[in-house]
Amino acid sequence: MSVPARQERRDGGLLQCRHTHAGAYAAVVLAGGYEETGNWGRFHVRAGDVLFHDAFDAHLNRFEARGATILNLAIEGPAGGFRAGRVYDADAVARAAERDPQVAVHVLTAQLREMRPIVDDWVDLLATEIVRDPNCRLDRWADAHGIAPETVSRGFARAYGITPATFRAEIRARRAFRQIVHTVTSLVEIASVLGFSDQAHMTRSVRVLTGATPSHWRSRSNSFKTLPA
């Protein structure tokens, strides 16, 4: 059954604090613009741009003075692995959504071109490194870049809404959640490979992120997985 699409209008100058959504969706910018800072970096978006969010992704938004109108479409996951993209006719996506949200997703993906995150400051470099390696040692990174650890913590928190240590914990928990749901790898092995101290540590982290334990998500996903022959 199609999930209803929803348009929302955000006022100019609004700071939307860091938050998460339980389901994956695409945010199509129909008018205005804003900066989104989330698990995949920072993006400046305007009309025609699209941001993709996995289940339990977290982000904050800083809206321009003119505000923004956004169309949210439920999706299965990022189109083609994109985290952000651009379409040449956002209005066509909006018109299709009025009839059938699933058709709107097809119209969107047919037009989509990838857009890369902004990397113009050390905070973005650090976020990129943590996403690449959730076991990144923050003290070593700070020393390698000649920045005091306390400056790293404060500066990152100003841009991303959380400290780099919390960001790193979220990235690790989110990666565990995806492997729990989409693979048949044992929970013990997932915890070990992703750098958790033990399975109990991973369980606590996933529960903080999603509100449920790895065992809960693994049992829910069993009907969608096929074991290799």
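The residues of the stretch 59-69 that are buried (at least 20 other Cβ atoms within 10 Å of the Cβ) and in contact with an Asp or Glu (Cβ under 6 Å, 6 or more places away or on another chain), listed by number, are His59, Asn61. It is to be established whether one or more residues within the stretch 83-95 are assigned by TED's automatic domain parsing to the domain that holds Arg172, of a type outside the set (S, T, N, Q), assigned to a helix (DSSP H, G or I) and surrounded by 19 or more Cβ atoms within 10 Å (Cβ to Cβ). Looking for residues that are assigned by TED's automatic domain parsing to the domain that holds Arg172, of a type outside the set (S, T, N, Q), assigned to a helix (DSSP H, G or I) and surrounded by 19 or more Cβ atoms within 10 Å (Cβ to Cβ), one finds none in the stretch 83-95, hence no.
If you go through the stretch 185-202 and pick out every residue that is β-branched (Val, Ile, Thr) and closer than 19 Å to Arg137 by Cβ, you end up with 1. The set of residues in the stretch 15-44 that are surrounded by fewer than 20 Cβ atoms within 10 Å (Cβ to Cβ) and either part of a loop (DSSP other than H, G, I, E, B) or acidic (Asp, Glu) (or both) comprises His21, Ala22, Gly23, Ala24, Glu35.
Using the structure shown, decide if Ser153 is over 29 Å from Glu35 (Cβ atoms), surrounded by 14 or more Cβ atoms within 10 Å (Cβ to Cβ) and of a type in the set (Ser, Thr, Tyr). Judged against the criteria, Ser153 is not a match. State whether one or more residues within the stretch 97-112 are surrounded by fewer than 14 Cβ atoms within 10 Å (Cβ to Cβ) and either hydrophobic (A, V, I, L, M, F, W, C) or not in a helix (DSSP H, G or I) (or both). Yes; the residues of the stretch 97-112 include at least one that is surrounded by fewer than 14 Cβ atoms within 10 Å (Cβ to Cβ) and either hydrophobic (A, V, I, L, M, F, W, C) or not in a helix (DSSP H, G or I) (or both). Contact map, the stretch 139-155: first residue farther than 18 Å from Arg168 by Cα, second residue aromatic (Phe, Trp, Tyr), Cβ cut-off under 6 Å, separation 6 or more or different chains; the map is empty. Residue pairs whose Cβ atoms lie under 7 Å apart, separated by 6 or more positions or on different chains, with the first residue in the stretch 99-116 and under 15 Å from Gly48 (Cβ atoms) and the second modelled with pLDDT of 90 or more and of a type in the set (Ser, Thr, Tyr), are Gln111/Tyr88. Please work out if Leu14 is touching a helix residue (DSSP H, G or I) at 6+ places or on another chain (Cβ under 8 Å) and farther than 21 Å from Asp120 by Cβ. When the stated conditions are applied, Leu14 does not pass them. Entry remark, the stretch 97-109: residues being farther than 20 Å from Val45 by Cβ and either hydrophobic (A, V, I, L, M, F, W, C) or under 22 Å from the mean Cα position of the chain (by Cα) (or both) number 4 in total. Being within 28 Å of Arg158 (Cβ to Cβ) and modelled with pLDDT under 90 is a description that applies to Ala55.
The values are calculated or read from the model by the stated rules, or taken from the named source; none is laboratory data. Note that the structure is predicted; figures quoted are calculated from it, not measured. Cβ: placed from backbone, ideal geometry, glycine included. Neighbour counts: every protein chain shown.
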